Structure formats: structure tokens, C-alpha cells
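Let me begin by presenting the structure, written as C-alpha cells, before commenting on it.
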Amino acid sequence: MGSLADEPNTLYFGELRFSERAKANIKEVLKRNYVIAAGPEVEAYQREWGHIFGYKHNVALSSGTSADIVACKTLFDVHPKARRSLNLADNEIIVPALSFVASGQSILEAGFKPVFVDVERETLTINPRKIEEAITDKTRGIMAVHLMGKPCEMDTIMDIANRHDLYVIEDACEAHGATYKGKFIGKWGHMAAFSSYIAHLICSVEGGMLSTDDGRIAEVAASIRNHGRKHGSMYFDHERLGGNYKMHDLEAAVGRAAIENFWETFNVRKQNIYWMMEATKDLQGVAHMNIEGPNEVICPHAYTITLKDPAQYDIAQLYTFMNNNPVLNIKAKRNFGAMPTQHRAFEFMGHKVGEFPEAEYVGTYGIHFGLHQYTTPEQLEKASEVLHKFFAENKK
Ligand SMILES: Cc1ncc(COP(=O)(O)O)c(C=O)c1O
């Protein structure tokens, strides 16, 4: 079987190619003949991760979802009012209505009630002007999701959080290396969750990281990663609820090679996104696409298109056009959908369509596709051609 590189007519969301360094790292792990979770390779991976972004403590985990779950669970130890309860609604975490489903689901899995807040259509991130009205005496934290690599308005969010004694978790799964007002995302809040799944800028096959400058949060997170074990005590001594969220040495071996190339990957992906932003400038009248404000550096995660006027173009037609195009099959995906109202998984919470109009709009009329480090100049040209052809020929 060939690799994805043998399919130049398909633009996948992301690709994993094992560099020589990754192969050498894996061989080293195999030589040891045992692959322990959270072992020596993981330790090195955590250290090296900390060096690129300047996070003091880094806890490697099995996925970005695990990172979100572990981040939320730490609040039971660090937030003075958070108490374990059989009633989820006793502890709330605010989260944008629009995100990959892991954000909302992780809050529930950790034992909190997610309280959804609408997003802004242009930025796809939580609308800070709507956060305060969602705060109650049960609110323990805010999960700010830097969706599509676009930083949230972190200074405003931190100001709200500080005034209400809330912890801020940055879901930075799609935002490695992004900055807001000159500071890396993940340095604004109390902790940040990252994913190293294939679509992301650092890939360890599967994996995640919880980064924080707070030693206590890191200590609690490391315990939660391993079923809430008490550090340094007799083996089966569990002082808090946790789970098995461990990364293992083989994943860390792949991740370490990705860290080594991080800025190279970042710059190539950024060039690709900038190229597409420039090439599709003339389509700005019909669609919202990636934007970068003066105060930020966006992470080149993916390219997003949200129709400005659904009366003019049909999003389902665009999706089919992109995914089955003879010029270039662009593996586009829906812009996630509003978690509380557009996914049956959240139906039990009782929200009704119309409560989150912006998230629902983006979830209905938006799609995105990958422009990654292995996307070729030919693929970029062809992707732009496909988009221009669609908008030129398919007006209703
Ligand atoms: C915003 C967001 N949060 C959480 C996750 C979960 O990460 P993972 O797929 O590694 O579990 C993702 C995944 O891509 C994501 O995009």
C-alpha cells in the first residue's frame, strides 16, 4: 500500500510522515524492549515541549480529549468552591457552543455541567461579551477554545475570570504556537490542553499535553493521569478520581521528532494559509474565511469557509463539489456544529435550536479543510481553482 503522498489529487486534512529522527527515536525505545506509559521518552518529550513554548510544567497525555478532561478534573483540587457531587450541575464550566465535540464532552466526563455561550461568526471563538451573563455561583471555570488556531480575546476573558474567581482552561488543541498580544496562548489562562493528533502541528500519532506554569495544577494533573494515585505512597492509594490518560514512550518518540521541526512546520503551514488568504481575497464578499488581527499570530491549523449569504450558495453543494472534484478532492469537513443544539449527544441537556444563533449558523453554513506542511504548491493552486470555480458557477 502506498502513502498519502502518492495521492496528489487528494488534499487530506493532515498527514503523518515518519522522519528519520522519528524512526531513530522509535528504534531506541524498541531496544529497551519495554514501552512504559509515562516513561523516559515521555519525560524528555514533556521537557522539550516546555522549551518551545516556555510552559513551566507539561504533563503528556493520551489525547487532546484526555487533556481537556484532566484539565477540568484538576479544578476539584484547585478551585476552593469546587466539590465532587453526584449532581453535575453543582459545578459549572463555561464553554463556547461551537467547538469540536471533545470540548463540551470532556467537561461532562470530568463531572461538571457545561454552560454554553455563543461564539462570534467572524472569529469562531467565544463571544466575551456574553460570558458574564452565563456566570452563576456554581461557575468554577471558563474553557476558552482557540478554534481553527485563532486566539480568543484572552485579556477580556482573564479580566472576567479574575473578577469572578474562575479558573481558565485554554483548549489549545488547534492552536500550537499562536500568540495573542505578544504572549503564547496557553500562557494566558491557568492551564492549556493540546492535541497531537495527525491534523495538528505536533503529531505523536495520538496524544495530548496539559501545560501550565502552576506547579500545583501540574502535580494534580499527573496524579489524575494515573487514576488519582498519591505520589510516593503505597501503590494502590488513590486520593482523587482520575483515569488512565497516559501517553506511552512510542508516541513520545514520534512527538519528539515533531517538536524538533516545530517552527519549520509552523512556517510552511503559515505560508500555505497566507497564500490561500491572498488567493481567495476576491471571495471575501461571499464567505468568511481565516483572518488575522494586528494583536495576534494565528496558528495555521486549517482553512475555514463560512457562507455569508446562504440564499446565494448551497453549502451541501459546496461540500460535494470539494470532496469529489476531478481537479482536486478536498477532504472538507463541517465547521463542527453547535454542541448543545446540533448534536443529538447533547439532547438530554434540553437546549433548543435558536439559543446559539451564531454557533448554529457556522455549524450549518461553514466548512473547513486542511492546508498542512505537506500540501504542495500545485495542490494550493488547485484548491483555489476549485473554490473559484464553485463560486463562479453555482450561484442560486
Ligand atoms: C478544539 C479541540 N479540542 C479537543 C480536541 C481533542 O483532541 P484529540 O483528537 O487529540 O482527542 C480536538 C481535536 O482535534 C480539537 O480540535
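On the given criteria, is Phe346 closer than 25 Å to Ile126 by Cβ and in contact with a helix residue (DSSP H, G or I) (Cβ under 9 Å, 6 or more places away or on another chain)? Spelling it out, Phe346 is indeed closer than 25 Å to Ile126 by Cβ and in contact with a helix residue (DSSP H, G or I) (Cβ under 9 Å, 6 or more places away or on another chain). Selection within the stretch 227-259: residues that are surrounded by fewer than 17 Cβ atoms within 10 Å (Cβ to Cβ) and in contact (Cβ under 8 Å) with a residue 12 or more places away in the chain. The member of this set that is nearest to Phe112 (Cα to Cα) is Leu241.
Check the stretch 363-375 and report whether any residue there is in a loop (DSSP other than H, G, I, E, B), at positive phi and not hydrophobic (A, V, I, L, M, F, W, C). No - not one qualifying residue is present in the stretch 363-375. Restricted to the stretch 134-168, and to residues there that are among the hydroxyl-bearing types (Ser, Thr, Tyr) and surrounded by fewer than 18 Cβ atoms within 10 Å (Cβ to Cβ), the residue that is nearest to the ligand (Cβ to nearest atom) is Thr156. Within the stretch 169-183, the residues that satisfy the criterion of being closer than 20 Å to His57 by Cα, surrounded by 22 or more Cβ atoms within 10 Å (Cβ to Cβ) and more than 10 Å from the ligand (Cβ to nearest atom) are Ile169, Glu170, His176, Gly177, Ala178. Looking for something away from the ligand (no atom under 16 Å from the Cβ) and free of Cβ contacts under 8 Å to residues at least 60 places away in the same chain - is there at least one such residue anywhere in the stretch 58-75? No: zero hits.
Being at pLDDT 95 or above, in a strand (DSSP E or B) and either more than 16 Å from the ligand (Cβ to nearest atom) or within 22 Å of Ser106 (Cα to Cα) (or both) is the requirement here; does Ala192 meet it? The answer is yes for Ala192. Closer than 21 Å to Val101 by Cβ, within 12 Å of the ligand (Cβ to nearest atom), at pLDDT below 95 and in the same structural domain as Glu41 (by TED's automatic domain parsing), is that true of Ile198? Yes, satisfied.
Here the condition is being out of contact with any strand residue (DSSP E or B) (no Cβ under 7 Å at 6 or more places or on another chain), closer than 26 Å to Thr125 by Cα and crowded, with 24+ Cβ neighbours inside 10 Å; of Ile52, Ile93, Ile69, it holds for Ile69 alone.
The values are calculated or read from the model by the stated rules, or taken from the named source; none is laboratory data. If you're wondering where the values come from, they're calculated on a predicted model, not measured in any experiment. Positions of Cβ are generated from backbone atoms using ideal geometry, with glycine treated the same way; all protein chains shown enter the neighbour counts.
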